[in-house]
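Working notes for the structure below.
The values are calculated or read from the model by the stated rules, or taken from the named source; none is laboratory data. This one's a predicted model, so the numbers in the text were calculated from it and none came from an experiment. Every residue, glycine as well, gets a Cβ built from its backbone with ideal geometry; the counts of neighbours run over all protein chains shown.
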Amino acid sequence: MDILTLIGTALAFIAILGGQALEGGHLSSLLNGPAILIVLGGTVGAILIQTPLGIFLRSLKIVSWIVLPPKQQSKAAIEKIVKWSNTARKEGLLGLETIAESEPDLFARKGLQLLVDGSEPEVIRKILEVDMDAKEHYDTQAAKVYEGMGGYSPTIGIIGAVMGLIHVMGNLADPSKLGGGIAVAFVATIYGVGLANLFFIPMGSKLKSLVHDQTQFRTMIMEGIISIAQGENPRNIETKLQGYMH
């Protein structure tokens, strides 16, 4: 679990709501149904127009990474690769066939199968790089969905503010309706800017960072498999791959 995400979220709420209370404002004044409907509905609608369906669905699947990021067991992976290297030296590349069939990681399994098939190191690199780049691009586009929402929500908030002011101007003769319109106007702006800067943009940035970490992890696996194909010493392979742990 990413404890910094929880701490950051709690700190943001405490700072904003606490500041509101210290200034003598009522927390209930920040709750406005029409304003949140305008901002959230408009933002989601805009991002749906911008984003292909597959990428949008992927963005929903990876949003949990914000709190529960994928675990990259680099040390365990290096130990596994060294074990593969020792097996290849003792039994030949065909000795990895059984290991490849039982390997749970699809990327590593693909690399092992290429090894078993006797592919040249450069061929293995090209094939795995295509797979790795495609995966990174797809997940990065999914992460950018939240950055896009962070770009749209402040503008949608301004639209909500203008709508509230229009409502106010249309009811100047009825003072009882002025308060509600003004509340929607200002609260919609707060929602738009707050959601963008406290949630959507930070979420997008963190997801892109996690996607980059996954790419580095796959690069480590790829380099290990290529080193096995080149017949490198297992100890040298281990030393090389340990550089990815920093």
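Numbers at a glance
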quantity	calculated
Condition check for Ala88: over 26 Å from Lys206 (Cα atoms), among the aliphatic types (A, V, I, L, M) and touching a Gly at 6+ places or on another chain (Cβ under 8 Å)	yes
Any chance Gly54 is at pLDDT below 85 and more than 30 Å from Ile226 (Cβ to Cβ)	no
Residue in the range 26-85 that is farthest from the chain's Cα centre (by Cα), counting only those that are surrounded by 16 or more Cβ atoms within 10 Å (Cβ to Cβ) and among the charged types (D, E, K, R)	Lys80
Test for Ala173: is it outside any helix (DSSP H, G or I), at negative phi and at pLDDT below 95	yes
Residue match in the range 61-82 (condition: in contact (Cβ under 8 Å) with a residue 40 or more places away in the chain, in contact with a Ser or Thr (Cβ under 8 Å, 6 or more places away or on another chain), in the same structural domain as Gly151 (by TED's automatic domain parsing) and polar (S, T, N, Q))	no
Subset tally (residues that are without any contact (Cβ under 8 Å) to a residue 40 or more places away in the chain, of a type in the set (S, T, N, Q) and closer than 17 Å to Asp213 by Cβ) for the range 133-164	0
Residue among Gly18, Gly92, Gly45 that is free of Cβ contacts under 8 Å to residues at least 60 places away in the same chain and on the phi > 0 side of the Ramachandran plot	Gly92
Sole residue being farther than 15 Å from Gly160 by Cα, loosely packed, with under 14 Cβ neighbours inside 10 Å and either touching a Phe, Trp or Tyr at 6+ places or on another chain (Cβ under 7 Å) or at pLDDT below 85 (or both), chosen from Leu22, Leu4	Leu22
Residue in the range 103-119 that is of a type in the set (Lys, Arg) and closer than 16 Å to Met222 by Cα present	yes
